[in-house]
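The values are calculated or read from the model by the stated rules, or taken from the named source; none is laboratory data. All figures in this text were calculated on a predicted structure; none of them were measured in a lab. No Cβ is skipped: glycine too gets one built from the backbone with ideal geometry, and neighbour counts run over all protein chains shown.
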Ligand SMILES: Nc1ncnc2c1ncn2[C@@H]1O[C@H](COP(=O)(O)OP(=O)(O)O)[C@@H](O)[C@H]1O
Ligand SMILES: [Mg+2]
């Protein structure tokens, strides 16, 4: 993984003559004390983090916590008071006018909450606007706009005007406009926050599927934890301009850094975050295809279970044998399970959110197996451990 954006000790104090405020900050004075003393607002308080190439990095926090300020420092729409921001190896806080303009135009693109479309321009012209400003000739910029509009699902809408579009479609135009300049960094400030819940989820899915193809570095701002958990490869939590925790959705929910984050994550639906890998148990017992129905029956009796997984010598999952089938096979004189047509229970990979398995588990008479890419059995899912993980306040280790 290569580092794309490295932010070190970033500070932003709003207002002229920040020296006094900065030294108070250094001395550890709180934000409201500094405001009282100097009249200046601390937007960002000594924040450091690294964003990797290809990552969706979510900045999460309540209103006024400094999210937009951080994002706007990344392309210097807001001038940092101190600290460094290294992007592709260059400290952009040191760029002068022309280089800064080129950096902003070529390397970054922004998507806003209020779509910021130009009302008297068509969808196509809005999409091509950034390229127009850059001086790209008409044919070339319109070809590009047509292509990105198709990417975001707006083929056929090129000649419409913004007020002919729904909110979701407007934001697709916003996204298309941002994608049109082929920048490798996408800055999204509450881009989906103004949309209705269903449309919003649709846009989140769209962004995830686009990202699969685009592999951009995306900084996504939200105040919505569920959105953060869904989109973020990692999430940075801000409070009063300071970073509280940076981690994967799993880190954040399973090991919240402090009570502030605990309060945030308490309401989260754990079944969307925990995966089958988190709740699976060791695949024991199991038997192999060389065993016969008698062995199967003995193992089931020993463990008090009514079915058991069958694997081959390399642990590839071959199916499940039930008590009934074992008895029937034994009575038919079968010696080895190789000669039995085994029923196939539900099978999942270990990175599937539990939520997606609940319905399957409820409907299946056979236990669920967890397999790797080679279809080897690496775990089993039993109802009890799922329930335990979902109800536990912290754990999710599935020992129940
Ligand atoms: N231009 C500005 N002048 C003065 N204070 C500002 C300015 N922009 C933001 N702030 C203050 O900085 C803090 C962080 O704001 P912002 O980054 O917009 O928060 P968020 O995006 O998380 O809602 C807030 O206290 C806000 O009032
Ligand atoms: Mg904001």
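Among the residues of the stretch 45-55, is there at least one that is within 17 Å of residue 186 (Cα to Cα), modelled with pLDDT under 95 and assigned by TED's automatic domain parsing to the domain that holds residue 263?
Looking for residues that are within 17 Å of residue 186 (Cα to Cα), modelled with pLDDT under 95 and assigned by TED's automatic domain parsing to the domain that holds residue 263, one finds none in the stretch 45-55, hence no.
Condition check ((1) assigned to a loop (DSSP other than H, G, I, E, B); (2) over 18 Å from the mean Cα position of the chain (by Cα)) across all residues:
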residue	(1), (2)
250	no, no
260	no, yes
263	no, yes
271	no, no
284	yes, yes
296	no, yes
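If you go through the stretch 313-335, how many residues are assigned to a loop (DSSP other than H, G, I, E, B), loosely packed, with under 15 Cβ neighbours inside 10 Å and touching a helix residue (DSSP H, G or I) at 6+ places or on another chain (Cβ under 9 Å)?
Final tally of qualifying residues: 2.
Inspect all residues belonging to the stretch 89-102 and state whether any of them is under 27 Å from the mean Cα position of the chain (by Cα), surrounded by fewer than 18 Cβ atoms within 10 Å (Cβ to Cβ) and either within 16 Å of ligand 2 (Cβ to nearest atom) or touching a residue at least 60 places away in the same chain (Cβ under 8 Å) (or both).
no
When you check residue 241 against the structure, is it in the same structural domain as residue 115 (by TED's automatic domain parsing), within 16 Å of ligand 2 (Cβ to nearest atom) and over 30 Å from residue 122 (Cβ atoms), yes or no?
yes
Could you tell me whether any residue of the stretch 153-164 is away from ligand 2 (no atom under 16 Å from the Cβ) and under 23 Å from the mean Cα position of the chain (by Cα)?
Yes, the stretch 153-164 has at least one match.
Any residue in the stretch 148-155 that is in a helix (DSSP H, G or I), at pLDDT below 95 and either in contact with a strand residue (DSSP E or B) (Cβ under 9 Å, 6 or more places away or on another chain) or not assigned by TED's automatic domain parsing to the domain that holds residue 119 (or both)?
For the stretch 148-155, residues in a helix (DSSP H, G or I), at pLDDT below 95 and either in contact with a strand residue (DSSP E or B) (Cβ under 9 Å, 6 or more places away or on another chain) or not assigned by TED's automatic domain parsing to the domain that holds residue 119 (or both): absent.
Quick one: residue 57 ticks every box in (1) within 30 Å of residue 208 (Cα to Cα); (2) more than 12 Å from ligand 1 (Cβ to nearest atom); (3) in a loop (DSSP other than H, G, I, E, B) except a single one, so which number is it?
Here residue 57 meets the rest and fails (3).
Working only within the stretch 62-87, note down all residues that are more than 12 Å from ligand 2 (Cβ to nearest atom), touching a strand residue (DSSP E or B) at 6+ places or on another chain (Cβ under 7 Å) and not in a strand (DSSP E or B).
Residues satisfying the conditions are 73, 74, 75, 80, 81.
I'm trying to understand the selection: among the residues of the stretch 126-147, which are farther than 11 Å from residue 176 by Cα and in a helix (DSSP H, G or I)?
Answer for the stretch 126-147, where residues must be farther than 11 Å from residue 176 by Cα and in a helix (DSSP H, G or I): 131, 132, 133, 138, 139, 140, 141, 142, 143.
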